[in-house]
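Trainee: The structure is given below, and queries will be raised subsequently.
The values are calculated or read from the model by the stated rules, or taken from the named source; none is laboratory data. Nothing here was measured: the structure is a model prediction, and the numbers come from that model. Neighbour counts run over all protein chains shown; Cβ positions are idealised from the backbone, glycine included.
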Amino acid sequence: MKKHFYLSARKRGLLWAVPITALLLSTAPAAASALECSVTLQTDDALRFAPSYINVPAACKDFTVTLTHTGHLPPLAMSHNWVLTKKSDLDGVARTGMLAGADAHHVDQNDKRVIAHTKLIGAGETTSVTFAVAQLKAGEQYVFLCTFAGHSPIMRGTLSVQ
């Protein structure tokens with residue numbers, strides 16, 4: 001003869017509560033310790049990066065910047081790139097980048113002051129670059145800019161290692 005077990009509503013609720021609690025507790029540390037080792041920046045026809053600052057966790061091995069151009073003007077008039085350098089090197093990198101021309105994505109490929117850069121993109125395009133965080137130093141002031149002709153005085157942002 002089979003025995004039937006009857007559980008009260010309270011006990012049935014507890015049976016569900018234990019596995020759900022265990023599941024939540026097992027995923028909490030993973031969520032809390034997850035590093036954001038990437039960022040997506042948007043740019044448009046208004047000569048801006050959004051957001052205009054990037055915080056890079058020092059614990060990341062590599063960091064990826066994805067640049068998305070949401071503007072509408074033709075590439076010949078409004079292309080953008082993303083170039084990372086030290087703040088002290090900003091003006092020199094902007095100048096050599098502009099002179100490098102569109103075929104070189106407005107980045108002097110021999111300029112050692114350039115830490116990382118994307119290619120030049122037009123409206124509706126996306127590009128990305130991944131670089132080693134170890135080449136950055138906590139406390140150093142870094143900036144990013146667009147080196148397309150005439151954009152660098154306005155299209156700038158800051159990057160810090162934390």
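Trainee: Quick check on my filter: what residues within region 92-110 are surrounded by fewer than 17 Cβ atoms within 10 Å (Cβ to Cβ), acidic (Asp, Glu) and in a loop (DSSP other than H, G, I, E, B)?
Mentor: Matches in region 92-110: none.
Trainee: Criterion first (within 20 Å of Val39 (Cβ to Cβ), surrounded by 14 or more Cβ atoms within 10 Å (Cβ to Cβ) and either modelled with pLDDT of 95 or more or hydroxyl-bearing (Ser, Thr, Tyr) (or both)) does Phe144 satisfy it? Walk me through how you get there before you give the answer.
Mentor: Details: within 20 Å of Val39 (Cβ to Cβ): yes; surrounded by 14 or more Cβ atoms within 10 Å (Cβ to Cβ): yes; either modelled with pLDDT of 95 or more or hydroxyl-bearing (Ser, Thr, Tyr) (or both): yes.
Answer is yes for this residue.
Trainee: So, His105, is that one in the same structural domain as His72 (by TED's automatic domain parsing) and within 19 Å of Pro51 (Cα to Cα) or not? Break it down into steps so the answer makes sense when it comes.
Mentor: On the way: in the same structural domain as His72 (by TED's automatic domain parsing): yes; within 19 Å of Pro51 (Cα to Cα): no.
No: the conditions fail for His105.
Trainee: Only residues that are without any contact (Cβ under 8 Å) to a residue 40 or more places away in the chain and under 16 Å from Thr158 (Cβ atoms): list them for region 54-90, please.
Mentor: Asp89
Trainee: What about Gly139, is it farther than 23 Å from Leu35 by Cβ and out of contact with any Leu (no Cβ under 8 Å at 6 or more places or on another chain)? Let's see the steps before the verdict.
Mentor: Values: farther than 23 Å from Leu35 by Cβ: no; out of contact with any Leu (no Cβ under 8 Å at 6 or more places or on another chain): yes.
For Gly139, the condition - farther than 23 Å from Leu35 by Cβ and out of contact with any Leu (no Cβ under 8 Å at 6 or more places or on another chain) - is not met.
Trainee: Moving on to the next point. Scan region 88-103 for residues that are modelled with pLDDT under 95 and either of a type in the set (Ser, Thr, Tyr) or under 24 Å from the mean Cα position of the chain (by Cα) (or both) and jot them down.
Mentor: Met98, Ala102 - these are the residues of region 88-103 that are modelled with pLDDT under 95 and either of a type in the set (Ser, Thr, Tyr) or under 24 Å from the mean Cα position of the chain (by Cα) (or both).
Trainee: Can you work out which of the residues in region 57-82 that are in a strand (DSSP E or B) and out of contact with any helix residue (DSSP H, G or I) (no Cβ under 6 Å at 6 or more places or on another chain) is surrounded by the fewest Cβ atoms within 10 Å (Cβ to Cβ)? First the steps, then the outcome.
Mentor: Taking region 57-82 as the starting set, the residues that turn out to be in a strand (DSSP E or B) are 62-69, 80.
Checking the rest, the ones that are also out of contact with any helix residue (DSSP H, G or I) (no Cβ under 6 Å at 6 or more places or on another chain) come to 62, 64-69, 80.
Working: Asp62: 11, Thr64: 14, Val65: 22, Thr66: 16, Leu67: 24, Thr68: 17, His69: 24, His80: 29.
Result: Asp62.
Trainee: Could you identify the single residue in Ser88, Ser152 that is touching a helix residue (DSSP H, G or I) at 6+ places or on another chain (Cβ under 7 Å) and either of a type in the set (Phe, Trp, Tyr) or not in a strand (DSSP E or B) (or both)? It would help to see each step written out before you state the result.
Mentor: On the way: Ser88 fails: touching a helix residue (DSSP H, G or I) at 6+ places or on another chain (Cβ under 7 Å).
Matching residue, one of Ser88, Ser152: Ser152.
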